[in-house]
Ligand code: AMP
């Protein structure tokens with residue numbers, strides 16, 4: 001269906017695919033704007049179900065449940081990029097899907113993502129598609145070592161990838177990583193990692209939040225610090241590249257772009273990956289921006305004008321992983337904004353909540 005509709009009126013319903021913490025925070029932001037949320041998720045224990053009574057518990061390939069869901073909502077969005085293509089197709093034929101199916105197709109496949117970015121002259125690490133061990137050996141000759149071998153789909157938080165340091169590492173990494181094809185990327189000797197959360201409204205307006213400097217622990221985001229300690233020219237360039245990406249995708253909604261900052265005399269940027277959704281490294285926006293990333297996404301998908309992403313304080317966002325969540329409420333001081341996701345079981349590695357520590361007023 002053509003993506004043209006008038007701005008949603010308060011009281012209208014946004015359908016959200018996915019019931020994790022991102023869906024939960026989107027539903028909370030929608031409620032603040034007088035919009036209802038209907039969450040679709042196969043897991044009956046989904047954190048997002050706590051914050052709205054409108055829910056569908058069904059598999060993502062359940063065509064009749066998808067049709068019934070679409071009939072109940074005015075526009076559809078999602079909190080994760082691995083929405084199956086067939087699901088996106090059914091939903092987009094019934095209601096506006098924002099962001100569109102194109103952004104999903106590109107971001108759920110590392111090869112499609114890299115070739116899209118390269119076609120727009122966005123800097124990415126050198127890469128080669130790998131369908132066989134022969135191709136992997138050729139790719140190693142072309143790109144050199146060290147290099148990173150990754151699955152093209154369903155990789156997250158460092159899962160589905162191996163660093164190759166010597167030619168002998170190739171065979172076992174190729175056998176272990178599934179499914180094929182894989183992609184070999186040149187190893188980027190980066191100084192730091194940053195990200196930019198950018199939004200594009202239905203009217204084509206583009207606004208970017210400040211860049212965040214990200215530190216990972218055990219391959220999971222640990223902290224996002226804003227402002228990032230980078231040269232002003234690099235921050236501007238990162239925002240510009242993020243804007244080019246949303247315009248090229250004809251995107252509506254919020255998108256996260258992760259970058260490597262390569263140091264040296266003339267620092268430069270390499271895009272690691274894009275995520276067509278609100279992003280963990282944008283959680284700081286809820287504490288210190290006029291409009292946070294969740295409200296910005298809801299505004300965009302509702303066809304409302306975007307809000308001002310201006311930041312009015314410095315901040316450090318820290319994820320609470322596993323039993324780190326136990327610091328709430330006792331270990332929280334007055335400068336710290338806690339946000340818990342309502343998950344009952346604090347398994348190791350599970351994102352249970354985050355805190356935003358305000359560093360100083362600007
Ligand atoms: P990804 O799943 O692609 O986001 O990668 C997870 C983490 O692995 C990144 O945040 C980097 O720290 C590291 N990494 C991924 N790709 C590369 C690369 N080409 N060069 C160096 N480090 C990488």
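Some values worked out for this structure:
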item: Which of 345, 72, 295, 113 has the fewest Cβ neighbours within 10 Å, and the rest in rising order; result: 345, 72, 113, 295
item: Separation of alpha-carbon centers, region 138-154 and region 40-117, rounded to whole Å; result: 31
item: Quarter of Cα convex hull surface for region 243-358, i.e. mean projection, nm²; result: 9.7
item: Most fluctuating residue given options 328, 315, 75, as computed from a GNM of the chain linking Cα atoms under 10 Å; result: 328
item: Pair residue 189, residue 328: separation of 7 Å Cα→Cβ label points (nm); result: 4.1
item: P(r) tail fraction, region 29-162 - alpha-carbon pairs more than 22 Å apart, %; result: 52
item: For the chain, the spread of Cα positions along each principal axis, largest first, Å; result: 59, 50, 41
item: Cα centroid of region 178-240 to Cα centroid of region 13-35, whole Å; result: 24
item: Modelled FRET efficiency - R0 25 Å, residue 217 with residue 171, Cβ distances, 0.05 increments; result: 0.25
item: Most to least packed among 227-236, 76-85, 13-22, 47-56 [average Cβ atoms within 10 Å]; result: 13-22, 76-85, 47-56, 227-236
item: For region 255-315, convex hull volume per residue from C-alpha positions, Å³; result: 110
item: Region 94-243: C-alpha pair distances exceeding 25 Å, %; result: 40
item: Value of D in µm² per second that Stokes-Einstein yields for region 218-292, Kirkwood Rh from Cα pairs, at 37 °C (0.692 mPa s); result: 239
item: Reference-scaled alpha-carbon Rg (2.2 N^0.38 Å with N residues) for region 165-297; result: 1.17
item: Semi-axis lengths, Å, region 1-82, gyration tensor of Cα atoms, sqrt of 5 times eigenvalues; result: 18, 16, 11
item: Per-pair calculated FRET efficiency, R0 = 25 Å: residue 313 and residue 120 via Cβ, rounded to 0.05; result: 0.15
item: Kirkwood Rh, Cα atoms: Rg over Rh of region 126-186; result: 0.91
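The numbers here are math on the coordinates, done by the rules we state, and not lab data. Quantities reported herein were computed from a predicted structural model and do not represent experimental measurements. Glycine gets a Cβ as well: all are built from the backbone with ideal geometry, and neighbour counts include every protein chain shown.
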